[in-house]
Each structure stands twice: as structure tokens, then as C-alpha cells.
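Chemist: The structure that follows is given in the form of C-alpha cells.
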Amino acid sequence: MSEQTPALRIDVVSLFPETVRAALSASIPARALERGLASLRVHDLREWGIGKHRAVDDEPYGGGAGMLMRPEPLVDAIEALRTEESTVVLLDAGGERLQQSRVRSLAHSGHLIILCGRYEGVDQRVRAYVDLELSIGDFVLSGGEPAAIVLCDALLRLVPGAIDAASLAEESFSTNMLEYPQYTRPAEYRGVAVPEILLSGNHAAVAAWRGEQARQRTAARRPDLLEGAPPPKKGE
């Protein structure tokens with residue numbers, strides 16, 4: 001029996017590879033990898049480091065605080081891993097803010113090379129070898145590893161077979177809206193009861209309630225998303 005070809009192959013290049021491996025070794029990401037639905041290789045950037053000390057950084061020209069990642073190790077890593085179908089992603093505070101729509105498109109890329117920045121960033125010349133720069137938000141991290149974990153988790157759960165398709169269809173951002181409120185047992189907790197409509201067994205009414213609740217929640221918390229949201233269905 002031949003082995004299944006992974007729908008998505010990911011190579012992460014990091015100075016702290018164990019951080020990435022450990023975070024993706026449980027739950028849905030681990031299940032997708034164990035089933036062969038996707039593959040993940042995490043590389044130590046120092047494999048391409050310079051000299052006997054495997055140096056990867058140096059002082060910036062023009063002065064300034066901190067160290068900068070040299071171009072040679074990063075470009076050598078890209079060239080060693082790149083194939084014709086590769087998309088090279090640099091995780092950088094100045095990159096495009098990651099959105100679910102971008103995650104969906106990257107999940108169909110075939111092969112991703114994800115570069116984790118560190119220190120004060122990367123030498124500008126590295127960017128000529130990068131296809132896409134991404135940021136996970138307007139805040140500063142010690143390095144790109146947490147961002148790589150976020151991106152890989154978001155990608156792996158979209159690989160076909162990793163999670164039930166119906167669950168994906170109703171999640172926040174799947175239709176440019178936040179998800180509706182959810183309830184489980186008990187039916188009443190500390191004086192707060194589950195909305196009666198959810199106990200009614202009327203699936204059409206439940207769907208309409210959920211659609212309206214999702215719109216209300218989105219309007220209150222993320223009104224910017226409603227610009228791209230689908231119009232309400234008849235009866236909602």
C-alpha cells in the first residue's frame with residue numbers, strides 16, 4: 001500500500017526549532033501530521049550558519065540597538081528547501097496582517113517555507129527571496145516562533161480530514177462574521193438559562209437565531225467584518 005501524499009508540506013526555519021515542534025505535537029495539528037494529511041519539518045537555522053560558530057547575526061550598518069539576521073543563512077536555507085511549488089513566507093512585524101482568507105489560500109499552496117525572524121529583524125536583501133511577509137498582529141514578539149506556531153495551527157486544521165468540514169463552515173471568520181453564542185449542559189447555570197429556541201428542536205428556527213446572533217455579535221465587536229458578510233437569508 002502506497003503512502004498518502006500530504007496535501008500540504010511545511011518547512012519552518014527557526015533558531016529555536018524545539019519550540020515549534022513542541023507546540024504542534026498535540027491536538028488537531030498532531031492528528032493531521034500523524035495521519036499523513038500534512039507534513040511538517042522544522043529546521044535549525046544554524047544548519048546554514050557561518051563559520052565554526054554557525055553565526056547567523058551581526059551588527060547593523062549605520063549603528064543601532066541589537067543585532068540583525070545576516071542574509072546568507074536565510075537565503076541558503078530558502079535555496080536548499082525551495083521547489084517549484086514553494087511559497088516562502090517571512091514572519092515580520094511589518095508584514096501583511098494574517099487573516100483567515102489568507103490562511104485558506106496558503107492551505108492550498110502545496111509547499112510552504114516559513115522563516116522565523118529574530119533579534120532586530122532580517123537584512124533587507126533577504127526579502128528579494130521571499131514571496132509573502134506576514135504579521136499576526138500589531139504587537140512585538142521576541143521572535144517569529146510564536147507566529148509560526150499560530151500560522152501552522154491555522155493551516156493544519158484546514159487540511160482536508162483534519163477536522164469535520166461542518167465545524168469549519170460555522171466558525172468565526174468563515175463567512176466574514178464572528179461565530180454565534182454556544183451553549184451546552186446544564187440547561188440552567190447559576191440562574192442563566194439556555195435560550196429556549198435552542199431546546200425547541202426546530203432546526204430552521206435555530207439556524208435563523210444563530211445567524212442573527214452572529215450578526216449582532218459581529219456588529220458589536222468587529223463591525224469592519226460586516227462589509228464583506230453575505231446578506232441575511234430569507235426568514236433570518
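The values are calculated or read from the model by the stated rules, or taken from the named source; none is laboratory data. If you're wondering where the values come from, they're calculated on a predicted model, not measured in any experiment. Using ideal geometry, Cβ is built from the backbone for each residue, glycine included, and neighbour counts are taken over all protein chains shown.
Chemist: Exactly one condition in (1) surrounded by fewer than 18 Cβ atoms within 10 Å (Cβ to Cβ); (2) within 30 Å of S172 (Cβ to Cβ) is false for L155; which is it?
Modeler: (1)
Chemist: Which of the residues spanning the range 19-45 are part of a helix (DSSP H, G or I) and free of Cβ contacts under 8 Å to residues at least 12 places away in the same chain?
Modeler: A22, S27, A30, E34
Chemist: Condition (residue is hydroxyl-bearing (S, T, Y) and on the phi > 0 side of the Ramachandran plot) applied to the range 114-121: is it met by at least one residue?
Modeler: Yes; the residues of the range 114-121 include at least one that is hydroxyl-bearing (S, T, Y) and on the phi > 0 side of the Ramachandran plot.
Chemist: Would you be able to say whether some residue in the range 97-118 is in contact with a strand residue (DSSP E or B) (Cβ under 9 Å, 6 or more places away or on another chain) and over 18 Å from D131 (Cβ atoms)?
Modeler: yes
Chemist: A follow-up question, please. Say whether the condition of being within 22 Å of R127 (Cβ to Cβ), at pLDDT 95 or above and more than 17 Å from the chain's Cα centre (by Cα) is met by at least one residue in the range 29-36.
Modeler: The answer is no; no qualifying residue exists.
Chemist: Among the residues of the range 46-56, write down those that are among the small types (G, A, S) and either part of a loop (DSSP other than H, G, I, E, B) or surrounded by fewer than 13 Cβ atoms within 10 Å (Cβ to Cβ) (or both).
Modeler: Selection gives G49, G51.
Chemist: Continuing with the same structure: Restricting attention to the range 149-184, which residues are β-branched (V, I, T) and either out of contact with any strand residue (DSSP E or B) (no Cβ under 7 Å at 6 or more places or on another chain) or not in a loop (DSSP other than H, G, I, E, B) (or both)?
Modeler: Matches in the range 149-184: I149, V150, I163, T175, T184.
Chemist: With the structure loaded, tell me whether A7 is hydrophobic (A, V, I, L, M, F, W, C) and modelled with pLDDT of 95 or more or whether it fails that test.
Modeler: Spelling it out, it is not the case that A7 is hydrophobic (A, V, I, L, M, F, W, C) and modelled with pLDDT of 95 or more.
Chemist: Can you tell me how many residues within the range 173-201 are in contact (Cβ under 8 Å) with a residue 40 or more places away in the chain and not β-branched (V, I, T)?
Modeler: Residues that pass the stated criteria total 5.
Chemist: If you don't mind, there's one more thing I want to ask. Test of understanding: among V150, V140, V122, which residue is in the same structural domain as V88 (by TED's automatic domain parsing), of a type outside the set (K, R) and in contact with a helix residue (DSSP H, G or I) (Cβ under 7 Å, 6 or more places away or on another chain)?
Modeler: Answer to the check: V122.
Chemist: Let me ask something else. Which members of the range 117-170 meet the condition of being aliphatic (A, V, I, L, M), more than 16 Å from the chain's Cα centre (by Cα), within 26 Å of P6 (Cβ to Cβ) and at pLDDT 95 or above?
Modeler: Residue satisfying the conditions is V130 alone.
Chemist: In addition: Look through A187, A128, A162 and report the one residue that is outside the structural domain of L74 (by TED's automatic domain parsing), surrounded by fewer than 17 Cβ atoms within 10 Å (Cβ to Cβ) and of a type in the set (G, A, S).
Modeler: From the options A187, A128, A162, the qualifying one is A187.
Chemist: Would you be able to tell me the number of residues in the range 6-18 that are crowded, with 18+ Cβ neighbours inside 10 Å and either in contact with a Ser or Thr (Cβ under 8 Å, 6 or more places away or on another chain) or free of Cβ contacts under 8 Å to residues at least 40 places away in the same chain (or both)?
Modeler: 5
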